[in-house]
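Working notes, beginning with the structure itself.
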Amino acid sequence: MSRILILSNGHGEDLSGSLLAKELSQMGHHVEALPIVGNGNNYKKHKIKVVCKTKEFGTGGLGYNSLKGRINDIFNGQIIYFFKKLLLTFLIRKKYKYFVVVGDIVPILFAWLSRKKFFVYLVAYSSHYEGKLRLPWPSKFFLCSNKLQNLYTRDLLTSHDLTNQLSRKVFFYGNPFMDVFLPFKKELKPSIFNIVLLPGSRIPEIINNFYLMIDVLENLSKYRYFEKVEFNFAIVNNLPPKKIIKILSSKKWVFQKSKSNKNNLVMKYKSTIVSFRWNSFSESLYKSNLVISMAGTATEQAVGLNKPVIQIEGYGPQFTKSFAEAQRRLLGEYVFCITKYKSKKEKLEKTSDLIIKIIYLMRLNKKFLISCTQNSLQRIGDRKSTNRIATDINNKSKGKEEFN
């Protein structure tokens, strides 16, 4: 079997890369990982060796971020860090027969400069943004290399588009990040309407996002309907319970000690009860009916699970107004957002009204949820894609025909 190095660029990319690495390892390949940004925890979780020291930046990587976020990352050493990773990749290249790239032009550049045979899961780009994919220069040159074994896209439209642009067959098998939900089974009759809130994962941005979401919940508390709604925040370990209690206590929220435990903090505001959960992101998202999100990959996963999503425009460095707008183009018409407002108060009030409107559509319009499912298949695809992509890589490495 082959020695394979996974190159990934970002938190969501690490997740997909780690799932592919695990699947390829189970097929008998020796797989290691080089996450270009981020801490590589997803690889470590699946016991995939990370071949370098890791560092997490505030924006989460070299990508679609605010100017302020990019400048902060530069001053925090991102450019130097980038070149160190590039040099390391070049120095260790001879240890591996294949590279598997997960992400954008950055790991593609690494693979091309190393002159290794490589596969690409092009998760960062989509033709849904503008109707036709305009690859950043010189991506197209790299993807026409005879070193590229196979190219996999994040949606069907992009696979058709790139097949025409590159004059080679491009594949769409789905997105591996959806396979984390395979162990869960849908409840036949959910007992209560469930809204999950996703404030993101990076400090300090998550704090600002958290405050905005709390303001929305406080605004919703004036409606009696939401007394019967279950609210769940999916919180990362960077934001501990003590911090949340401190924030909310100053805003007249009440700690519900009898209902709380190590991984579930329960707070009450007027008649609204909210749970803050740690280490249960996948379960919380899977069991929800509606998603309020200021996140990246997590929003894509929500759409992949056929759930309507409501965004709240943030201040960055990642989840900015422009990022949210691009995300809506990527994921389709069932991601909603208030974009016209003159003040923060107006934004919060209009967002609350939008939440009520979407719940109304979910409850009374059967075609609405059917259309959500159709949109999910077009934009994200079906599950079990990790196995399909890994099988194709495995077959190609053995000289067999592509997976069908």
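The values are calculated or read from the model by the stated rules, or taken from the named source; none is laboratory data. What you are looking at is a predicted structure, and each value in this text was computed from that prediction instead of being measured. Counting neighbours? That spans all protein chains shown, and the Cβs are built from the backbone with ideal geometry, glycine included.
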Selected residue [touching a Gly at 6+ places or on another chain (Cβ under 6 Å) and either at negative phi or of a type outside the set (A, V, I, L, M) (or both)] from G131, G174: G174
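Take residues that are not assigned by TED's automatic domain parsing to the domain that holds S343 and tell me which of the helices (runs of 4 or more DSSP H) falling wholly in the stretch 123-242 contain 1 or more.
Numbers: elements: 139-143, 156-166, 205-220.
Of the helices (runs of 4 or more DSSP H) lying wholly inside the stretch 123-242, those with at least 1 residues that are not assigned by TED's automatic domain parsing to the domain that holds S343 span 139-143, 156-166.
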Subset of the stretch 280-332 (residues that are in contact (Cβ under 8 Å) with a residue 40 or more places away in the chain, basic (K, R) and out of contact with any helix residue (DSSP H, G or I) (no Cβ under 9 Å at 6 or more places or on another chain)): K287, R329
So Y341, is it at pLDDT 95 or above, among the aromatic types (F, W, Y) and buried (at least 20 other Cβ atoms within 10 Å of the Cβ): no
All positions within the stretch 215-249 that are surrounded by fewer than 17 Cβ atoms within 10 Å (Cβ to Cβ) and aromatic (F, W, Y): Y223, Y225
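Criterion first (of a type in the set (D, E, K, R), closer than 27 Å to Y225 by Cα and surrounded by fewer than 21 Cβ atoms within 10 Å (Cβ to Cβ)) does E333 satisfy it? Can you show your working first?
Working: of a type in the set (D, E, K, R): yes; closer than 27 Å to Y225 by Cα: yes; surrounded by fewer than 21 Cβ atoms within 10 Å (Cβ to Cβ): yes.
For E333, the condition - of a type in the set (D, E, K, R), closer than 27 Å to Y225 by Cα and surrounded by fewer than 21 Cβ atoms within 10 Å (Cβ to Cβ) - is met.
Regarding the stretch 26-34, can at least one residue be identified that is within 16 Å of the chain's Cα centre (by Cα) and crowded, with 24+ Cβ neighbours inside 10 Å? So that I can check it myself, show each step before the final result.
Of the stretch 26-34, the ones within 16 Å of the chain's Cα centre (by Cα) are none.
The answer is no; no qualifying residue exists.
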Subset tally (residues that are touching a residue at least 40 places away in the same chain (Cβ under 8 Å) and more than 20 Å from D392 (Cβ to Cβ)) for the stretch 104-123: 3
Members of the stretch 1-42 found to be at pLDDT 95 or above and at positive phi, listed by number: G28
Residue among S293, S260, S284 that is outside the structural domain of E13 (by TED's automatic domain parsing), of a type in the set (S, T, N, Q) and in contact with a Leu (Cβ under 6 Å, 6 or more places away or on another chain): S293
Odd one out for S127 among (1) among the polar types (S, T, N, Q); (2) more than 23 Å from the chain's Cα centre (by Cα); (3) modelled with pLDDT of 95 or more: (2)
Every residue from the stretch 238-282 that is over 16 Å from L197 (Cα atoms) and among the charged types (D, E, K, R): K242, K243, K246, K251, K252, K257, K259, K262, K270
Test: R329 is modelled with pLDDT under 95, of a type in the set (D, E, K, R) and assigned by TED's automatic domain parsing to the domain that holds Y225: no
Test set (1) out of contact with any Leu (no Cβ under 6 Å at 6 or more places or on another chain); (2) within 27 Å of L239 (Cα to Cα) - Y173 fails condition number: (2)
